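A.B. asks: I am attaching a structure below and will ask some questions about it afterwards.
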Amino acid sequence: MAAVPAAVSQPRSSSKTESYVDNKRKEDIRQANIVAARTVANAVRTSLGPKGMDKMISTANGEVIITNDGATILNKMEVLQPAAKMLVELSKSQDSAAGDGTTTVVVIAGALLKQCLTLLSNGIHPTVISDSLHKAAIKAVDVLTAMAVPVELSDRDSLVKSASTSLNSKVVSQYSTLLAPLAVDSVLTVVDPSTPELVDLRDIKIVKKLGGTVDDTELVKGLVFDKKVSHAAGGPTRMENAKIAVIQFQISPPKTDIEQSIVVSDYTQMDRILKEERNYILGMIKKIKATGCNVLLIQKSILRDAVTELSLHYLAKAKILVVKDVERDEIEFITKTLNCLPIANIEHFRSEKLGYADLVEELSLGDGKIVKITGIKDMGRTTTVLVRGSNQLVLDEAERSLHDALCVIRCLVSKRFLIAGGGAPEIELSRQLGAWAKVLYGMEGYCVRSFAEALEVIPYTLAENAGLNPIAIVTELRNRHAQGEINAGINVRKGQITNILEENVVQPLLVSTSAITLATECVRMILKIDDIVTVR
């Protein structure tokens, strides 16, 4: 829509100051942005909480994903409107900052935008709204911190509770009794005592294997490969007291660097080539055998086959167990776990670079086989989780849920405070910010009050998704909090309001604080935009 020409409504004296400025376009763009972003927020709103619904996402290439994770849903949605894209980015940043609460953050942002729309239509300037939001967010974080309960890492029960709270809203919630302790144990094995704040989730490897049910998921102290041992020429499939080498070179005859063909005219030359190849491979295998190595993990090769039939035959004769086609990006994890060094050249093959383990064996699981390495000496701080599931959709969702649970515990390790769940912190915030708004004067108080109202969307949605009467529940919640029950929240299983801490519904402080700060930041960004310029 073109701007109305300024000349029409301009008075006769054509001084620059008195010209009519058209604000319609700015308002329209703001409105469009807010509406688009709210639509995205409403799409994920139904999947909030333990009784939330799941989304089935069908991608362009025919793949189907069933998920409850806000970040995954938004990631897969094809969002074209630029402001709506910001909400997708918002859930991504919540995913990287806290790992859980990806739906919450988008729902809060949607509610804030709804309030902003009302404030804007009342004629409050966007900058005023934006500044008040910022102040309110800082205040909100203080309120949350005051509510939090400190937790120790040795207190395993609290950690398990918070992990199971995170898992309760997922498809695999019925397995939360198994997956929550598993997640806690895996994070605690990885935590380095010297730097306890940093937990690298890359040290926890999740291996998915089809077959069985989620009940068969287990934590493996050691390594698991989703591959089978190469069975060529009857090599060993089980090795005790293994000495393991991770090699990055090929055990196959060398190729020339340039494409060329060698013409062999007579048979003796042919024989010589074959003999030379045999000697070359045998020489390599003798060097490997001399160090006492009896398990080889061979990295996938780009240039040529990492192993040939001939070399596999000789390796089998030398009683060396071979796992080939190890992915390049797994090498770092493997060497860290086995406490060995990758070997890039046959000349550097020495016994001090090997890793030692009690047992390397091949196990049949479901329809496939896996290689399991257990009893590793001086094992690095890593751990492997073997996830099982009856179909691919359940497997993928189990992996995502496990990742969320791991993130929750990582939050607790880095910031050791717990906070109640079940809509309790949001209502408490809403109450305290509402009281604070009465102290402020002018426009600010007005904006803060609407910010406080917006936070009620979380308990409202929780109740709505659980099929309770949202208005009655939220009113009763407010009443309880006004009487000083800070930890009163919605108990979705009983369908009433109880003290949520006693029901073991807890979440890390970091999840709530980062959700609120990130949501307000995103809303402030959307408010400040007054024009969209498309550049071709």
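A.B. asks: How much accessible area does H313 have with a 1.4 Å probe, in Å² rounded to the nearest 10?
C.D. replies: Accessible surface of H313 is approximately 70 Å².
A.B. asks: Do the sum for the chain: with -39,500 (n - 2.57) for every DSSP H run of n ≥ 4, divided by all residues, what is the mean residue ellipticity at 222 nm, to the nearest 500 deg cm²/dmol?
C.D. replies: Details: 16 runs with 249 residues, N = 536.
For the chain, the value works out to -15500 deg cm²/dmol.
A.B. asks: Relative to the first principal axis of the alpha-carbon coordinates of the chain, what is the inclination of helix 176-190, with its axis defined by its Cα atoms, in degrees from 0 to 90 and to the nearest 10?
C.D. replies: Around 70 degrees separate the two axes.
A.B. asks: Also: What percentage of the solvent-accessible surface of the range 222-378, computed with a 1.4 Å probe over protein heavy atoms, is contributed by carbon and sulfur atoms? Walk me through the numbers before you get to the answer.
C.D. replies: Values: 4350 of 8830 Å².
Carbon with sulfur: 49 percent of the solvent-accessible area.
A.B. asks: How much of K377 can a 1.4 Å solvent probe reach, expressed as accessible area in Å² and rounded to 10?
C.D. replies: Taking all protein chains as shown, K377 has close to 110 Å².
A.B. asks: Over all pairs of distinct alpha carbons, what does the Kirkwood formula give as the hydrodynamic radius of the chain, in Å? Could you put the intermediate results ahead of the total?
C.D. replies: Details: mean 1/r = 0.0369 Å⁻¹.
So the Kirkwood estimate lands at 27.1 Å.
A.B. asks: Quick check: pseudo-label points 7 Å beyond the Cα along Cα→Cβ at M443 and D367, how many nm apart are they?
C.D. replies: Placing both labels 7 Å beyond Cα along the Cβ direction yields 6.4 nm.
A.B. asks: Can you sort E218, E347 by 1.4 Å-probe accessible area, starting with the largest?
C.D. replies: Numbers: E218 70, E347 110 Å².
The residues order as E347, E218, largest area first.
A.B. asks: A further question follows. Taking one equal scatterer on every alpha-carbon of the range 438-536, how large is log10 of I(q)/I(0) by Debye at q = 0.22, 0.23 1/Å?
C.D. replies: For the requested q values the scattering log ratios are -1.28, -1.32.
A.B. asks: Nearest 10 degrees is fine. How inclined is helix 267-290 to the longest principal axis of the chain, computing both from alpha carbons?
C.D. replies: With both axes taken from Cα atoms, the answer is about 70 degrees.
A.B. asks: So for the range 190-243, what are the equivalent ellipsoid semi-axes in whole Å, largest first, each being the square root of 5 times an eigenvalue of the Cα gyration tensor? Working shown, then result.
C.D. replies: Working: eigenvalues 177, 68, 20 Å².
In descending order, the three semi-axes are 30, 18, 10 Å.
A.B. asks: What's the center-to-center distance, using Cα atoms, between the range 142-166 and the range 250-264 in Å?
C.D. replies: Taking the Cα centre of the range 250-264 as reference, the centre of the range 142-166 is 62 Å away.
A.B. asks: Return the tail of the calculated pair distribution for the range 27-143, meaning the percent of Cα-Cα pairs more than 20 Å apart.
C.D. replies: Values: 3251 of 6786 pairs.
Pairs farther apart than 20 Å: 48 percent.
A.B. asks: Ordering V44, V533 from largest to smallest accessible area (1.4 angstrom probe), what's the sequence?
C.D. replies: Numbers: V44 0, V533 115 Å².
My answer, sorted largest first, is V533, V44.
A.B. asks: How about the range 467-510: which trypsin sites (Lys or Arg not before Pro) there lie in a loop by DSSP and see at most 10 other Cβ atoms within 10 Å? Mind showing how you got there, number by number?
C.D. replies: Numbers: sites: R478, R480, R493, K494; in loops: R493, K494.
Qualifying residues, ordered by number: K494.
A.B. asks: Something else about it: By how many nm would the segment from N279 to V128 grow when fully extended, if each residue of separation counts as 0.36 nm and the alpha-carbon distance is taken off?
C.D. replies: On the way: separation 151, 0.36 × 151 = 54.36 nm, distance 8.09 nm.
Once the chain is fully extended between N279 and V128, it gains 46.3 nm.
A.B. asks: Could I ask something else about it? Project the alpha carbons of the range 222-378 onto their principal axes and report the range along each, largest first, in whole Å.
C.D. replies: Each principal axis gives a Cα extent; for the range 222-378 these are 54, 35, 27 Å.
A.B. asks: Then there is this: Determine how large the accessible area of I273 is when every protein chain is in place; take a 1.4 Å probe and give Å² rounded to the nearest 10.
C.D. replies: Approximately 90 Å² of I273 is accessible to the 1.4 Å probe.
A.B. asks: May I ask you to list the lysines whose Cα is less than 19 Å away from that of K317, ignoring any residue fewer than eight positions away on the same chain?
C.D. replies: Filter leaves K228, K243, K275, K286, K287, K289.
A.B. asks: If you don't mind, there's one more thing I want to ask. Scale the Cα Rg of the range 380-465 by the rule-of-thumb value 2.2 N^0.38 Å and send over the ratio, two decimals.
C.D. replies: Numbers: Rg = 19.9 Å, N = 86, 2.2 N^0.38 = 12.0 Å.
It is 1.66.
A.B. asks: So, in nm, how far is label N391 from label K336 when the simple model puts each one 7 Å beyond its Cα toward the Cβ?
C.D. replies: So the two model labels end up 3.5 nm from each other.
A.B. asks: Using a 1.4 angstrom probe, figure out how much accessible area the chain has per residue, in square angstrom, rounded to the nearest whole.
C.D. replies: Numbers: 26120 Å² over 536 residues.
Here the residues of the chain average 49 Å² of exposed surface.
A.B. asks: Here is a further query. Gain in length, D531 to E502, computed as 0.36 nm per residue apart minus the alpha-carbon separation, to one decimal in nm? All intermediate terms of the calculation are to be shown ahead of the outcome.
C.D. replies: Numbers: separation 29, 0.36 × 29 = 10.44 nm, distance 4.98 nm.
Between D531 and E502, full extension yields 5.5 nm more.
A.B. asks: Taking H as built 1.01 Å from N, whose amide H comes closer than 5 Å to the amide H of D325, not counting residues under 5 places away?
C.D. replies: I298, K300
A.B. asks: Pairing the Cα long axis of helix 470-482 with the longest principal axis of the chain, what angle in degrees results, from 0 to 90 and rounded to the nearest 10?
C.D. replies: The angle comes out at about 80 degrees.
A.B. asks: Right, here's the next one. Could you tell me the calculated FRET efficiency between A435 and E152, based on Cβ-Cβ distance and R0 = 30 angstrom, to the nearest 0.05?
C.D. replies: Efficiency, from the Cβ-Cβ distance: 0.35.
A.B. asks: Keeping every protein chain in place, order D200, D257, D271 by accessible area at 1.4 Å, biggest value first, i.e. largest first. All intermediate terms of the calculation are to be shown ahead of the outcome.
C.D. replies: Values: D200 60, D257 160, D271 80 Å².
Sorted by accessible area, descending: D257, D271, D200.
The values are calculated or read from the model by the stated rules, or taken from the named source; none is laboratory data. Keep in mind that what you see is a predicted model, and the values were worked out from it rather than measured. Glycine gets a Cβ as well: all are built from the backbone with ideal geometry, and neighbour counts include every protein chain shown. Accessible surface areas use protein heavy atoms only, side chains included; no ligands, DNA or RNA. Shrake-Rupley method; radii C 1.70, N 1.55, O 1.52, S 1.80 Å.
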